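Input: a single structure, listed below in structure tokens.
What follows is calculated from the coordinates using simple rules that are stated; it is not laboratory data. None of the values given here were measured: they were computed from a predicted structure. Positions of Cβ are generated from backbone atoms using ideal geometry, with glycine treated the same way; all protein chains shown enter the neighbour counts.
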Amino acid sequence: MDVDSLRNKLSSLGQEHLLDYWQELSEEQRQFLYDDIEGTNIPEIIEFYQNATKNVKNATRKVDEKMEPVPPELLGSVTRSGKKLKDWYNQGLKEISKGHVGVLLMAGGQGTRLGVNSPKGMYNVGLPSQKTLYQLQAEKIFRVQQLSEAYAGELGTVPWYIMTSEYTKEQTKEFFKKHDFFGLKEENIVFFEQNMIPCLTFDGKIILDQKWKISRAPDGNGGLYRALGKHGILDDMERRGVKYVHVYGVDNILVTMADPSFVGFCVSKNAECGAKVCEKSHPTEQVGVVCRVDGQFQVVEYSEITLKTAERRSEDGRLTFNAGSICNHFFSVQFLGDVVRKHEPFLGHHIAKKKIPFIDDNGTRHTPEKPNGIKMEKFVFDVFTFTKDFVVFEVLREDEFSPLKNSLKAEKDNPITSRHSVLSLHHRWVLNAGGKFVDRDGTPIPAIPSWNSPVNLSRRENDTESYPVVCEVSPLVSYAGEGLEKYCNGKTFTPPVLIDKAFVDKEEKADD
């Protein structure tokens, strides 16, 4: 170890404090810190910081006058596209059957806001099946492969790429192995790790997490693109013949994996990049909107828009800027290749003020109660500006978007709201398939149940967290409500109801 040379280099970069505790360290700790520092491109980190702080100052300017809504010809909708939906769905199934579609999960977050020490994907929100997010998603992949084979007569594999972080990688891999990869083939699940980037003080000093270790955090979901190149994931996609990738975040419990309608729509438009969106619920909803700024597509954060612009409405009465971003995207592999090989270095970092544990001047580690530093992140949607072939696909929030972000202390986006979203969706699936629900005493449960109805009073007293109609449909039985008629039409159910493989086997045996 050439410590003197390292000290001189750090001094020239204004980071000499990283060796403040050198004399107190064991030989093993010294080696770890030396390698940690040498393995960090500190000039690059400083450049990231300088550019990010400059971007923060520029972001204070509103972009209202430069904004344009998504042109109608680039917009598809599950509620307004009519017969085209079926064509897009079938085209998506055809692409899946040929092995042209992969899914990519961004699962690097630690679940801190959720209040757990395990990866979010391992979380169980309390459905009747007790399935975790990872299992629900795996089974949706399994089912959509079956649907594509039934339609096209050819079984195509949907490879699952899972981007973890230093904090989630090993736990995630062990969890999948423990559960035998949830019925999928091990070789079709590819784990890779996103980059970890040093945390900084507000004035650009690298923070020490321990006397011998730099504090680091994942580089945001936009770190995806560097990781695709670094770990050979793009090469793996090309080797498998994957042409299109559906990218999503782990916390959306309603996500439709490799959504055939979304894929088919994007392919039919020859798009190299697409965003799935939900209509904003109200003008001041705190969500970014997909639009054009200076002719380039991007997601504009709600903080960058004035109230006047947020309240603007079109002739049909809908909000002019209503395409709420839900972190759900389509990319052609060819476009991803361009991003990885040409555009990624030009993606800027965004600053997030955080409470970051640190070593104080006396060598004591502290966990602050207020933000004391920054984490630098890239956003997955920042690559929208690099494409000219871009489309937007609007879906129903109640069918496809319910994020699990917060603990039960929060009023929304928590385990209860996530569970209720699934139960509500599946309740509607069964009703649409011709099923009916009655309470334990035989009283019919209305299609739109009320917490205040006599039917639900006893249930509320016993379980204040239950959705009025507890009904879950396994992804292995139905991907998006299809095929339930033969099990539900004319049938009466008493909650709680779990329509899973065992239920189906029992029904089919009874028919025989």
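Within a Cβ distance under 12 Å of Lys98, other residues only, what is the Lys/Arg minus Asp/Glu net charge?
Once positives and negatives cancel, what remains is 0.
Helix 501-511 axis versus longest C-alpha principal axis of the chain: approximately 10°, rounded to the nearest ten.
Given a cut-off of 32 Å, name the pairs among Lys280/Lys506; Lys9/Lys177; Lys355/Lys412; Lys173/Lys412; Lys140/Lys509 whose C-alpha atoms lie farther apart than that in the structure shown. Over 32 Å Cα-Cα: Lys280/Lys506; Lys9/Lys177. Evaluating 6.51 cos²θ - 1.76 cosθ + 1.60 at θ = phi - 60° for every residue in region 332-344, the Karplus couplings come out as 7, 5, 4, 5, 4, x, 5, 5, 5, 8, 10, 9, 3 Hz, glycine and proline recorded as x. Residues in region 108-118 carry Karplus couplings, in order, of x, x, 8, x, 4, 5, 6, x, 10, 9, 10 Hz; the curve used is 6.51 cos²θ - 1.76 cosθ + 1.60 with θ = phi - 60°, and Gly or Pro positions show x. Taken along its principal axes, the alpha carbon cloud of region 87-181 reaches lengths of 44, 31, 25 Å, longest axis first.
For Leu498, the residues whose modelled amide H falls within less than 5 Å of its own, excluding neighbours fewer than 5 places apart on the same chain, are Glu472. Enter the per residue convex hull volume of region 135-219, computed from alpha-carbon coordinates, in Å³ rounded to the nearest integer. Normalising the Cα hull of region 135-219 by residue number yields 123 Å³.
Two decimals, Cα atoms only, Kirkwood Rh: what is Rg/Rh over region 59-400?
Result: Rg/Rh = 0.97.
Of all lysines in the structure, those lying under 16 Å Cα to Cα from Lys84, and not within fewer than 8 positions of it along the same chain, are Lys94, Lys269. Normalising the average separation of contacting C-alpha pairs (under 8 angstrom, six or more residues apart) by the number of residues puts the relative contact order of the chain at 19 percent. Between Thr201 and Glu170, what FRET efficiency follows from the Cβ-Cβ distance if R0 is 30 Å, with the result rounded to 0.05? Once rounded, the FRET efficiency stands at 0.50. Applying the Karplus relation 6.51 cos²θ - 1.76 cosθ + 1.60 with θ = phi - 60° to region 284-290 yields 3J(HN,Hα) values of 9, 4, 7, 9, x, 10, 7 Hz, where x marks Gly and Pro.
Secondary-structure-derived ellipticity at 222 nm for the chain, considering helices only, amounts to -9500 deg cm²/dmol, per-run term -39500 (n - 2.57) for DSSP H runs with n ≥ 4.
Cross-linked pairs Lys54/Lys354; Lys185/Lys276; Lys54/Lys353; Lys86/Lys243; Lys308/Lys370; Lys211/Lys375: Cα-Cα separations exceed 23 Å for Lys185/Lys276; Lys308/Lys370.
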